Structures are given as structure tokens and as C-alpha cells.
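Notes to accompany the following structure.
The values are calculated or read from the model by the stated rules, or taken from the named source; none is laboratory data. Quick caveat: nothing in here was measured; it's all calculated off a predicted structure. Please note: Cβ atoms are built from the backbone with ideal geometry, for glycine as well, and neighbour counts cover all protein chains shown.
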Amino acid sequence: MTHNSSESYPVFLAEQVSIGNICVCPFGMRSVDFGRSAAIRKKLKQTDFSDSPLSQNLNLSSSMPRTAESHMQDSCAPFPVEEIVQYPPPGYVAPSFVAFSRDDKLISYLFSPDSTLSRKIFLLDPTTQCQQMVVSPPGSGVDECNLSVAEKLRRERLRERGLGITRYDWAGGADESPFLVVPLPGGIYIQNALGPQLTLKACSSPSCPILDPVVSPDGFSIAYVQEDELYVTPLRTGEPKQITYGARGTGKTHGLAEYIAQEEMERRHGFWWSPDSKFIAFAEVDASVVPPYRIMHPGKASLGGDAQEDHAYPFAGNANVKVRLGVVPSGGGDVVWTDLHCGNGNEGDNEEEYLARVSWMPDNSLVAQVLNRSHSQLKLLKFDIKTGKRDVIFVEENATWINLHDCFTPIQKVHEKFAGAFIWASEKSGFRHLYLYDRNGVCLTPLTQGEWMVEEVAGVDESSNLVYFTGTLDSPLEIHLYCTKLVPDPGKILAKPRRLTNGEGRHVVVLDHKMKRFVDMHDSLNLPPRVLLCSLEDGKVLLSIYEQPAPTSRTRKLQLSAPETVQLTASDGLILYGSIYKPDAKHFGPPPYRTLVSVYGGPNVQTVCNTWMNTVDMRAQYLRSKGILVWRLDNRGTARRGLKFEGSLKQKVGSVDVEDQETGVRWLIQQGLAMPGHIGIYGWSYGGYCAAMCLARCPDLFKCAVAGAPVTAWDGYDTFYTEKYMGMPESNPKVYENSSLISHVAKIKGKLLLVHGMIDENVHFRHTARLINGFIAAGKEYELLVFPDERHMPRRLKDRMYMEERICEFLDRNL
């Protein structure tokens with residue numbers, strides 16, 4: 001349930017992560033997917049474009065075809081329900097997966113000129129400002145119907161909906177022209193940057209898929225996993241070569257990230273190239289200690305293997321997979337196994353339970369971050385790849401918990417005094433900040449400080465003594481690019497970081513290799529996504545790559561307006577942020593109004609922020625067009641407010657979050673905005689859990705709730721997520737009992753609609769089934785909407801449309 005920077009829930013926008021978070025391309029190149037949730041929306045009619053270079057070069061019309069909203073009878077009529085499920089939402093047609101070529105001469109990106117899911121590769125020459133489409137996928141590109149189960153599940157982990165080309169990388173050495181590497185369902189293809197056609201280098205098929213391809217640092221080879229083993233293929237000439245053995249057919253895998261790593265740790269990869277491209281470190285995963293959890297496909301006409309799946313799903317309090325770390329020459333040879341074995345059954349607080357991150361140092365030594373089972377201790381270990389022996393660089397400890405990050409950055413060329421040094425991020429001050437460490441793990445100096453947080457390290461310019469990073473210095477509701485000194489002046493007060501991005505809102509950036517320019521992908525509540533090329537020296541705009549009018553034609557026709565952002569205070573004095581979507585008083589009269597709360601409420605997610613995605617929350621806007629006020633509040637426990645704020649949720653899941661949601665609704669009533677007795681709440685996943693828990697724990701406040709894919713009893717969720725926030729079940733039975741929806745069913749007075757996909761492999765349908773048993777035992781009424789062929793995020797257009805119609809009908813009856 002961890003929600004990474006690329007995650008989106010296109011069905012219940014209450015669960016999406018804030019748009020504008022960096023999404024690193026699967027190949028690890030200098031690239032950004034600007035708002036994956038913008039790029040993965042379902043097919044939509046043509047949206048208007050401005051006179052930016054992109055629209056000129058692609059010869060795109062700024063006119064808008066006549067669509068359903070054109071037939072609106074009058075300005076006060078709600079727009080069609082179909083608009084909720086159409087993707088992308090208004091304004092989200094911007095380029096994605098932006099990258100600089102290896103020589104920084106070209107900028108590449110994925111773009112769909114017809115505003116569909118099917119994307120192609122475009123190139124921009126900043127010197128000539130010429131942009132053109134250079135790679136179009138053969139056939140339909142990615143077609144989910146023809147993907148293997150393994151690849152479909154990986155797309156679930158990534159919350160990926162994109163078709164056509166969904167990823168690519170630059171390759172080629174320093175002495176040759178760069179070329180593009182494009183993985184597709186049929187295999188791995190290459191094409192010269194301006195070449196005539198794709199050339200197949202390695203074959204893939206649904207029965208024998210290529211998984212997780214990664215180009216080598218030198219640009220000459222690509223590694224991937226096929227049939228549970230690692231392969232390396234030369235990109236110019238040569239055949240694929242298998243370099244690991246012993247996993248196939250044994251229940252083990254070599255080079256794949258396990259479910260917990262992908263879903264909860266935001267670690268997508270299970271192997272890592274060395275800087276010189278001569279070695280590959282890889283994880284061996286042994287899932288034999290985790291009993292398989294079977295999911296049946298009740299909607300299929302067939303029986304047997306095609307209608308069932310077995311998953312190594314570790315339930316809270318039970319064993320995790322066993323993981324060990326090996327190193328193999330990229331050309332093949334003997335494996336050196338490191339002195340590391342993660343996973344130790346369920347024998348208490350194992351100090352080395354999770355392999356969280358793996359990195360290489362410039363000297364070809366291997367570094368791993370290893371987390372203990374209770375999330376209170378993280379070790380940074382360094383391995384000799386010739387012997388596998390290890391040294392402990394340092395140990396990070398925190399009584400609340402340790403949040404994983406990707407800020408570990410080795411320093412390469414700085415003064416000899418700092419040879420082997422690295423940048424590290426820690427929340428020891430209460431907020432995530434950057435620190436400079438020497439090779440022995442001694443903290444030399446903080447690089448940032450204050451009551452705000454660093455998001456990620458964007459780049460390091462050692463020659464200029466600068467580190468670039470994104471963070472929340474200006475506002476917890478915004479993300480900007482900043483720079484500060486890599487080695488601060490000794491004996492002086494730490495200087496305030498210098499901001500490089502312009503305009504309020506969210507900025508996603510990718511820096512070029514020479515540290516001269518950056519691409520800024522920017523949006524806000526009042527500005528649809530735009531893409532700019534800027535100077536890294538002062539943030540000055542060098543070139544407008546893509547811009548749109550504000551508002552766009554479609555937002556005008558649908559009369560969408562940005563929500564109002566407000567502040568209120570939690571019971572312990574902490575500031576809470578909320579968003580209000582108010583109905584038009586000219587058509588619906590003055591408040592109070594019927595009110596619906598849109599909730600997520602769980603860790604790692606921030607829903608109230610200055611981003612265009614909140615303006616085009618189509619369900620909220622639809623309900624607003626029907627005279628319903630929609631309210632969103634980020635309670636204590638949500639993201640980007642520091643460890644104290646987030647840590648309020650520790651062992652209080654379903655308690656402190658509900659308390660703050662109640663505070664928010666009572667504030668609305670006090671302001672005369674919400675109509676008592678006509679207040680409902682909806683959410684998905686953790687938001688579904690929170691919505692149902694609010695209905696149960698505040699029975700006189702909420703009249704109805706819609707709970708999508710809810711966790712209903714935390715002993716039925718996974719080890720990593722659940723134990724981090726609640727501890728082990730056997731040690732904290734009261735915590736688990738109090739947090740269970742089933743324990744509170746008897747208190748419910750209002751109406752509840754449960755929505756769930758029956759093949760959900762994340763929050764199993766079993767959660768809803770167990771809750772229904774609770775309703776039956778308590779003699780309570782409930783309504784149920786199930787989708788036999790859907791997982792955690794419904795994908796089929798007809799299913800989503802049907803769901804929206806049923807939800808709206810439920811709200812009409814009960815709100």
C-alpha cells in the first residue's frame with residue numbers, strides 16, 4: 001500500500017499521490033515521468049494545445065472536437081458521469097519520461113499527440129528547437145491482453161496504465177552516436193536516434209517474458225531477467241548470455257525484486273550494474289518459507305491454472321522471503337555471495353530482515369541498506385566484491401520508524417580529504433535533511449536544516465561544490481528545486497538553500513549530465529502542466545518545450561474551478577490542511593450544502609497540495625456540479641509534514657486519522673458550509689478503510705460511506721507496511737483489535753457501499769468478505785459492488801463507468 005512518486009489511483013482520486021513527484025525511469029537514466037498519473041489516463045477526445053514549439057512542430061490543432069460536455073443544456077447542469085472515467089483528465093497531455101541524451105545534445109520524452117494512452121518517443125534539439133517523433137511502436141506497443149501475468153503484476157506495482165511505448169533508455173559509448181533502447185512485449189529493440197526503424201535484439205513472449213531490462217552504465221549492454229535468471233545482451237552485436245544459474249525451477253529468482261520490495265519499499269529492481277559495467281550485483285529471493293496465497297478468478301469460464309494464481313504474500317506476523325546478495329561478472333563467471341542473509345522467519349525483531357537498497361561506490365565496492373523487522377534500525381553495509389565480506393559503515397536508529405529514501409549519493413571527485421564520502425538523508429532532526437558523511441560513516445556536516453523536508457537529490461556538481469535537491473522549504477504544499485553547498489564553509493552558519501524554480505506549485509526536474517541545464521515540469525492548482533528548459537545557474541527559462549492555456553478549453557466548458565485551500569488545528573495543536581470544492585452559489589444558493597469527504601488518510605500520501613491534479617479531480621468536480629460540497633483533509637499521519645506529524649499514526653491506525661477527519665467535518669459545520677445530517681465520506685484502499693472507520697467511529701456525524709478495496713483487519717495485510725505502523729500482531733493484540741473495522745461494525749448507523757475487485761492481489765477480496773461476516777453477525781445492512789475480473793485498481797472502461805454510476809446512485813439515495 002506504499003504509494004511511490006509515480007503512483008496514481010485513477011478510480012478514486014482520493015488515493016492518488018500528489019502529482020509532480022519524480023518517477024525515475026526503469027533504466028535509471030536521467031529522466032522524469034512528469035506526473036505518471038497524467039500520462040496513464042484512459043483515452044480522451046482531443047484537448048487543446050497552446051502555440052508552444054511542441055504543438056507547432058506536431059501540427060496540433062488547438063480546436064476542441066464536439067464532445068459530451070458541448071451538449072450541456074445550461075451552465076448549472078452537471079457534466080456527464082462519463083467525464084469521471086475519461087483519461088487523461090483536462091490538461092494532462094504533457095510529455096512524460098523526459099531525458100537528456102548521453103551527450104546532452106538532445107532531449108527525449110514520451111508523448112501521445114492524439115491524447116491517448118499510446119505514447120511515442122519524441123526528440124527535441126534545443127539548439128534548433130526542432131521536435132519530431134522518432135520511434136513509434138510496432139503494432140499497438142504494449143497491449144495488456146498479450147502480457148504475461150508477471151508483467152501485468154509489475155504494472156500493478158507501478159500503477160502503470162500507459163500503452164504504446166512505456167519506457168526507453170539512451171545507449172551507446174562516448175565515441176559513437178547515441179541510440180535508443182526500447183523494451184516492448186515482443187522484446188528489446190534498438191534504434192538510432194534518427195534511424196529508420198526498430199531492430200529486435202532480444203525476444204520476449206507472454207510465456208517467456210523479459211523482465212526489468214536495464215542498460216549498462218557504459219551503454220554497450222543490457223541486462224534483464226528471463227525465466228528467473230539474469231541475462232546480458234550486447235546492444236550492437238552478439239547474442240544474449242545467461243549469467244546466473246540455479247534458480248529456475250526451484251522456487252527462487254535471481255535478479256527480481258520480490259512483492260514487498262516492489263509494493264512497499266519502492267525498490268523496483270533486483271539487480272544493479274557496477275559503475276564500470278563489469279559486474280552485476282543481484283538478489284536471490286527464496287519464497288519457499290512463505291505459504292502461497294491462492295486467488296481464484298471467479299469470473300472466468302475456465303477452470304484450473306488459467307483461473308487461479310498463487311502469490312508469496314507475507315501476512316503480518318509471519319515469515320518474509322529470504323534474500324541474499326551476490327555479485328557476478330557481467331560476462332558470466334563465478335558468483336561471489338556476500339555475507340548477508342535477509343529474512344529470518346518470524347523470529348522476533350531480526351536486525352537484517354529487509355534488503356532495502358543496493359548501490360555501488362565509484363571504487364566498485366558494493367553498498368546495501370538493510371532494515372530490521374521493526375523498522376527502528378537501518379544498517380549501511382559495505383561489501384568487498386572479491387570476498388563478499390562486509391563492514392558496517394554506520395547504523396541509523398529512530399524510535400518512531402525509519403522511512404526509506406533514495407538520497408544516498410556517492411561523491412566521486414571532491415578533494416582527497418573527502419574521497420569515498422557520500423550524501424545521506426536522515427530524519428533525526430524530525431524532518432528529512434541531507435548530511436555529508438566520510439568513507440568511514442562519520443557525519444561531517446549537515447547540508448540542509450529546518451522544519452521542512454528534502455524530497456530527493458536531483459544532482460551533484462562537485463566541481464562547483466553544489467548539491468541540487470527538491471524539497472518543501474517554501475511550503476509543505478509545494479515542491480521546488482534548490483541548491484546548496486556540497487561542502488559548507490567551516491565554522492559558518494549553514495546558508496539558506498537557493499531556489500531555482502519559478503512559479504508556485506509543484507516542480508519535477510531532471511538535470512543534464514554537465515550540470516548546466518534542467519527540464520522543469522511544473523503545474524499548480526491554477527496552471528496545467530507545462531515543460532520548460534531552464535538554466536541551472538539561475539533558473540532562467542531557456543526554452544518553452546510545452547505549454548497550455550490556463551484554463552484549458554475543456555476546463556472552461558466543464559466549468560472546473562480550483563479548490564480553496566484552508567488551515568485548521570488538530571487536537572494536539574498541529575496545523576492541518578484542507579481543500580474545499582464549493583458548489584456555485586449562483587445556482588445552488590448559499591451554504592450549508594450536502595457534503596462528501598474525499599479521504600485517503602494513510603502514510604506516504606499527501607492529497608492537499610498545490611497541483612493541477614487537485615483541480616481536475618473529476619469526481620469531486622462532478623459532485624460539486626450537482627450541488628455537493630467536497631472536502632479533503634490531510635490528517636496526522638500523512639506525508640511531507642515531518643516525522644512527528646507522520647508518527648502520530650504509530651499504533652493508532654484507525655484512531656488519530658479518524659479523529660482528525662472528524663475535526664475537519666466539525667470545522668466545516670462551524671463555518672456554516674456543511675449540512676449536518678447530510679455528510680458522507682469516500683475513499684479507496686487505505687482511504688476505503690478510513691472511510692468505513694469514520695462511519696463506524698463517528699456514527700452520528702457521517703450518514704453514508706463508500707469504501708473501495710478497504711483493509712478491514714490488519715492481520716490480513718502484509719508484513720512490511722502493517723508492522724511498521726502497528727508492530728507485531730502477537731505483541732500488540734489490542735492495537736490490532738482496535739484498528740480492525742470488524743471490531744466496530746456494531747456501532748455503524750449509516751449506509752455503507754463496499755467496492756472491491758475479486759482478484760485484488762494487494763488488498764485481497766478476503767478483507768471485504770471478512771467485514772461482511774461482521775455485518776451479518778451484527779445484523780447490519782450493507783451494499784456490495786464487486787468486479788470479478790479486476791485487481792486493486794479497476795482498469796476496464798466499462799467496469800469503471802459502471803462503478804461510477806453505481807456510486808453516484810448510492811450517494812443520490814443516501815446523502
The one condition in (1) surrounded by fewer than 23 Cβ atoms within 10 Å (Cβ to Cβ); (2) under 26 Å from the mean Cα position of the chain (by Cα); (3) farther than 26 Å from GLY627 by Cα that LEU106 fails to fulfil: (2)
Search result, residues across segment 294-313 that are of a type in the set (Ser, Thr, Tyr) and surrounded by fewer than 16 Cβ atoms within 10 Å (Cβ to Cβ): SER302
Per-region count, segment 330-376, residues part of a strand (DSSP E or B) and either more than 24 Å from PRO314 (Cα to Cα) or not basic (Lys, Arg) (or both): 21
Unmet criterion (only one of (1) over 30 Å from ARG154 (Cβ atoms); (2) at pLDDT below 95) for MET793: (1)
So PRO329, is it crowded, with 20+ Cβ neighbours inside 10 Å and of a type outside the set (Asp, Glu): no
PRO676 vs. criteria in contact with a Leu (Cβ under 9 Å, 6 or more places away or on another chain), of a type outside the set (Ser, Thr, Tyr) and surrounded by 24 or more Cβ atoms within 10 Å (Cβ to Cβ): no
Neighbours by Cβ (under 8 Å, 6+ apart or cross-chain): first from segment 190-204, of a type in the set (D, E, K, R); second not in a strand (DSSP E or B): LYS201/LEU235
Filter result (of a type outside the set (Gly, Ala, Ser), closer than 26 Å to THR663 by Cβ and surrounded by fewer than 21 Cβ atoms within 10 Å (Cβ to Cβ)) within segment 524-576: GLU564, THR565, VAL566, GLN567, LEU568, THR569, ASP572, LEU574, ILE575
Some residue of segment 486-495 being touching a strand residue (DSSP E or B) at 6+ places or on another chain (Cβ under 7 Å), in a strand (DSSP E or B) and either more than 25 Å from LEU436 (Cβ to Cβ) or without any contact (Cβ under 8 Å) to a residue 60 or more places away in the chain (or both): no
Complete set of residues in segment 143-183 that are closer than 17 Å to ARG791 by Cβ and among the β-branched types (Val, Ile, Thr): VAL149
Residue ID - surrounded by the most Cβ atoms within 10 Å (Cβ to Cβ), chosen from residues in segment 207-224 that are farther than 15 Å from LEU147 by Cβ and among the aliphatic types (A, V, I, L, M): ILE222
Residue in segment 727-744 that is buried (at least 23 other Cβ atoms within 10 Å of the Cβ), in the same structural domain as ARG806 (by TED's automatic domain parsing), modelled with pLDDT of 95 or more and among the acidic types (Asp, Glu) present: no
Segment 333-363 - residue that is over 16 Å from ALA283 (Cα atoms) and touching a strand residue (DSSP E or B) at 6+ places or on another chain (Cβ under 7 Å) and, of those, modelled with the lowest pLDDT: ASN350
Any chance LEU633 is modelled with pLDDT under 95 and over 23 Å from ASN502 (Cα atoms): no
Top-ranked residue in segment 175-206 [being among the hydroxyl-bearing types (Ser, Thr, Tyr) and in a loop (DSSP other than H, G, I, E, B); ranked as surrounded by the most Cβ atoms within 10 Å (Cβ to Cβ)]: SER204
Enumerated helices (runs of 4 or more DSSP H) restricted to segment 696-794, each holding at least 3 residues that are under 27 Å from GLU804 (Cβ atoms): 766-778
Set ALA316, ALA283, ALA261, ALA257: member being surrounded by 14 or more Cβ atoms within 10 Å (Cβ to Cβ) and farther than 21 Å from ILE210 by Cα: ALA316
Test result for VAL328, in contact (Cβ under 8 Å) with a residue 60 or more places away in the chain and not basic (Lys, Arg): yes
Qualifying positions in segment 64-97 - under 14 Å from ASP114 (Cα atoms), modelled with pLDDT under 55 and in contact with a helix residue (DSSP H, G or I) (Cβ under 8 Å, 6 or more places away or on another chain): MET64
Residue list for segment 491-533, filter: among the basic types (Lys, Arg) and at pLDDT below 95: LYS492
Criterion violated by MET515 - all others in (1) in contact with a Ser or Thr (Cβ under 6 Å, 6 or more places away or on another chain); (2) closer than 25 Å to SER108 by Cα; (3) free of Cβ contacts under 8 Å to residues at least 60 places away in the same chain satisfied: (1)
Scope segment 152-174; condition within 17 Å of the chain's Cα centre (by Cα) and not in a loop (DSSP other than H, G, I, E, B); matching residues: LYS152, LEU153, ARG154, ARG155, GLU156, ARG157, LEU158
Verdict on VAL358 being within 30 Å of MET758 (Cα to Cα) and crowded, with 19+ Cβ neighbours inside 10 Å: no
Selected residue (only one of GLY270, GLY246, GLY304, GLY219 is on the phi > 0 side of the Ramachandran plot and touching a residue at least 12 places away in the same chain (Cβ under 8 Å)): GLY219
